[in-house]
Amino acid sequence: MGETTAITNDKGLALRAEGICKQYGKRVVVDVDHVEIAAGETLALLGPSGAGKTTLLAILGLLEKPDAGQVYLDGKPVSVRDRVARRQMAAAFQSPYLFKGTISDNVAYGLKLRKVPVGRRREAVSEALERVDLEGWESRSALTLSGGEAQRVALARALVLKPRVLFLDEPLSSLDPLIKGRLTQDFARIIREESMTTVYVTHDQNEAMAVGDTMIILRDGRAVAQGHVDDVMGVPPNEWTAYFLGSEPPLEGTVVMSKEGLVGVDVGGLVVHAVGESETGARVRIGVRPEDVVLFEGDAAIPRSTARNHYSGSVVSVERWGVMYHVVLDIGGVRLASHVSLASVREMGLETGSEVQVVFKASAVRMRQTGLA
Amino acid sequence: MQVFVEAIITAFALLFEGSRELWNVIVVTFRVAILSTIAGFVLGVPMGFVMGASRFRGRRLLIALTNTGMAVPPVVIGLVVMMTLSRRGPLGFLGLLYSVDAMAIAQTLISSPIIAGLTAAAVASVPYKLRLQARSLGASKTEEALLSIKEARLGVLAAVATGFGAVVRGVGAVMMVGGNIEGQTRVLTTAIVQESRRGDFGLALALGIILMLITFTMNGFLTWYQHSNERFERG
């Protein structure tokens with residue numbers, strides 16, 4: 001079980017689930033203790049494929065019955081049979097799964113099931129299409145759209161119902177990077193503007209960061225990390241989560257200095273400065289995102305900066321990760337990762353064994369207390 | 001070759017004359033075919049949907065049985081229906097043997113497994129997530145089923161057309177339970193058997209041409225419908 005940070009929001013919890021368990025045959029697909037989503041917030045369900053994200057979404061969205069556990073909508077226990085509750089939810093999936101017919105037929109589908117009169121239906125459809133930047137597309141065939149357009153229609157089809165909880169299952173992962181980048185921003189904006197409670201399934205941490213307020217990271221059906229996005233991303237609660245999120249495991253240390261909102265943490269002999277408050281002697285866990293770690297050549301004169309953390313170390317490995325290089329460093333036995341551009345790797349001639357200077361700001365260090373002084 | 005030339009000339013003469021007897025045979029043929037296709041549709045499509053779209057114990061067995069049903073020789077079905085409806089049979093009291101109803105019953109037993117089996121295949125090809133999507137927008141079980149069938153409509157239509165075709169072209173079962181009574185239970189296929197046995201190839205061929213025209217019209221319609229759908233999908 002991962003660590004949990006309390007989720008609080010003055011609007012209260014929109015969706016909650018306890019002890020959710022689902023098996024297919026003998027295989028446990030989902031086994032999650034609790035899920036909470038505050039009204040108007042977005043929960044990102046992150047994890048590799050096959051981790052049980054979609055199954056958990058289907059259970060929370062009252063599309064599938066769990067073997068054990070209970071889902072609560074606005075505090076009331078609800079189930080798959082609960083038609084009223086089910087109609088307060090709407091989903092869009094990875095493949096848009098548009099129905100044969102026009103775009104308007106598709107967007108109006110849920111309204112038709114709810115017996116909304118034709119006039120109001122038409123109004124709501126054109127409004128929803130406007131929300132997703134497809135105004136005036138009503139009469140086009142749904143089966144002639146590009147991936148991005150189809151995904152917008154799928155979102156409009158769910159948004160038009162003004163659901164209490166919106167479920168999005170990897171809505172962007174089948175798109176090419178250019179459209180995906182744009183739609184991630186668009187979706188995040190739309191969800192925010194509608195201040196809709198949302199469950200967003202993805203295997204892409206950037207997407208999760210862009211849309212999520214809180215997150216659950218699933219591995220083999222179990223929640224290995226759970227809490228606010230910044231906390232989980234900043235200080236992953238365990239090694240697997242850290243590697244999954246593309247950083248080195250968090251460092252365990254003891255606070256040795258605390259003054260004016262700045263603390264010094266002793267991590268195996270290395271003192272790392274972090275912004276925060278803590279008592280001297282407290283046990284803490286710290287994490288530094290690879291994006292925040294800057295490297296300089298071993299003998300370079302470093303420009304004066306506000307960065308408090310400055311060490312010498314050596315390169316353990318250099319791996320290409322898409323457009324960036326993931327460089328793992330050893331600083332007197334402490335491991336950190338840094339993301340470096342291709343140009344920098346070439347210029348500095350980075351390779352295993354290279355001596356480098358490692359610099360990062362105190363404000364880039366995330367800290368969580370794990371034990372008292 | 002003489003025999004063909006003569007037969008074709010007679011056939012067209014008969015077709016253009018359109019004797020009462022000929023029309024009667026056509027009407028009975030359609031009555032039996034339409035009745036048994038509708039019954040096959042009502043029984044076969046829901047059963048096909050259940051087999052194609054849901055998971056339950058015994059599903060595979062049911063599919064295997066249905067597929068067997070699709071291949072059972074019509075004469076065997078004719079035999080069973082005949083025994084059931086015969087005076088000593090369990091439903092003998094209905095007095096249905098050698099009637100249009102009896103033929104429709106036998107032909108329904110032929111058409112419904114065909115329609116069920118092909119509908120199951122068509123519905124199974126509708127992605128599960130599409131149904132999950134419909135469910136997530138508030139669809140009930142029935143609405144979800146209707147949507148799946150609508151999505152698979154070309155396949156379902158082909159299933160119904162195949163069922164209709166099997167019924168129109170069948171001869172064994174209708175011969176046995178209908179009895180080929182002139183003016184009552186004589187249909188195109190049994191009439192062809194009758195006329196060719198009598199050596200009246202002209203009439204038999206005329207009936208054969210009509211039968212082929214019916215099949216051609218059916219398939220033509222289906223192809224047109226399929227094509228117009230594809231065109232729609234391509235935009």
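Using a 10 Å cut-off around each Cβ of peptide A:87-93, what is the average number of partner chain Cβ atoms that fall inside?
That works out to 4 on average.
In the protein assembly as shown, the calculated helix contribution to ellipticity at 222 nm averages -15000 deg cm²/dmol per residue, counting -39,500 (n - 2.57) for every DSSP H run with n ≥ 4. Taking Lys and Arg as +1 and Asp and Glu as -1, the other residues whose beta-carbon sits under 14 Å from that of B:VAL193 total +1.
I need the calculated FRET efficiency for the pair B:ALA71 and B:THR223, taking r as the beta carbon distance and R₀ as 22 Å, to the nearest 0.05.
0.30
Rounded to whole numbers, the Karplus 3J(HN,Hα) couplings from phi for the range B:64-73 are 4, 5, 5, 4, 5, x, 5, 10, 5, x Hz, using 6.51 cos²θ - 1.76 cosθ + 1.60 with θ = phi - 60°, and x at Gly and Pro. Evaluate E = 1/(1 + (r/R0)^6) for A:TRP321 and B:LEU154, where r is the Cβ-Cβ distance and R0 equals 51 Å; express this FRET efficiency to the nearest 0.05. It comes out at approximately 0.65.
Sorting the segments A:54-60, B:98-104, B:41-47 by their residues' average number of neighbouring beta-carbon atoms within 10 angstrom, most packed first, yields A:54-60, B:98-104, B:41-47. In order along the range B:162-170, the Karplus-derived 3J(HN,Hα) couplings, from 6.51 cos²θ - 1.76 cosθ + 1.60 at θ = phi - 60°, round to 5, x, 4, x, 4, 6, 5, 8, x Hz, and Gly and Pro are given as x. Of interest is the spacing of the C-alpha centroids, which for the range A:309-342 and the range A:64-134 amounts to 47 Å. Summing +1 for each Lys or Arg and -1 for each Asp or Glu among the other residues whose beta-carbon sits under 12 angstrom from that of A:TYR24 gives +2. The long axis of helix B:74-85 is offset from the longest Cα principal axis of chain B by roughly 90 degrees. The calculated FRET efficiency for the pair A:LYS115 and A:ASP33, based on their C-beta separation and a Förster distance of 45 Å, comes to about 0.70.
Computed over chain A with a Gaussian network model linking Cα atoms closer than 10 Å, the most mobile of A:PRO250, A:PRO96, A:PRO177 is A:PRO177.
Partner shielding of A:100-110 amounts to 2, given as the average count of beta-carbon atoms from other chains within 10 Å of each residue beta-carbon.
Accessible surface buried by the A/B pair amounts to about 2300 Å², both sides summed, 1.4 Å probe. Using the Cβ of A:LEU336 as centre and a radius below 11 Å, the other residues enclosed give a net charge of -1, where K and R count +1 and D and E count -1.
Taking a ≥ b ≥ c as the square roots of the eigenvalues of the Cα gyration tensor of the range B:2-234, is the shape rounded (a/c under 1.5), prolate (a/b larger than b/c) or oblate? The shape class here is oblate. The magnitude of the dipole of the range B:2-234, with charges of +1 and -1 set on the Cβ of Lys/Arg and Asp/Glu and taken from the Cα centre, is near 1080 debye.
For the peptides A:168-175, B:179-186, A:83-90, residues were scored by their other Cβ atoms within 10 Å and the scores averaged per peptide; the highest-first order is A:168-175, A:83-90, B:179-186.
Packing, taken as the mean count of other beta carbons within 10 Å per residue, orders the peptides B:87-96, A:205-214, B:63-72 from highest to lowest as A:205-214, B:63-72, B:87-96.
Extension gain, A:SER312 to A:GLU127, is 60.8 nm, computed as 0.36 nm per intervening residue step minus the present C-alpha separation.
In the range B:22-99, the portion of solvent-accessible area held by carbon and sulfur atoms comes to 73 percent [1.4 Å probe, whole percent, DNA, RNA and ligands not counted]. Report the paramagnetic label zone for B:ILE38: residues of the range B:97-127 whose backbone N is under 17 Å from a point 7 Å from Cα along the Cα-to-Cβ axis. Inside the label zone: B:100-109, B:111-112.
Using heavy atoms of the protein chains and a probe of 1.4 Å, the accessible area assigned to B:ILE115 is about 0 Å².
Based on protein heavy atoms only, the protein assembly as shown ends up with 48 Å² per residue of surface accessible to a 1.4 Å probe. The value of relative contact order for chain A, using C-alpha pairs under 8 Å at least six residues apart, is 16 percent.
The values are calculated or read from the model by the stated rules, or taken from the named source; none is laboratory data. Just so you know, these numbers come straight off a predicted model, no measurement behind them. Neighbour counts are summed over all protein chains in view; Cβ atoms, including those assigned to glycine, are modelled from backbone coordinates with ideal geometry. Side chains are part of the model used for accessible areas, which takes the heavy atoms of the whole protein and leaves out ligands, DNA and RNA. Shrake-Rupley method; radii C 1.70, N 1.55, O 1.52, S 1.80 Å.
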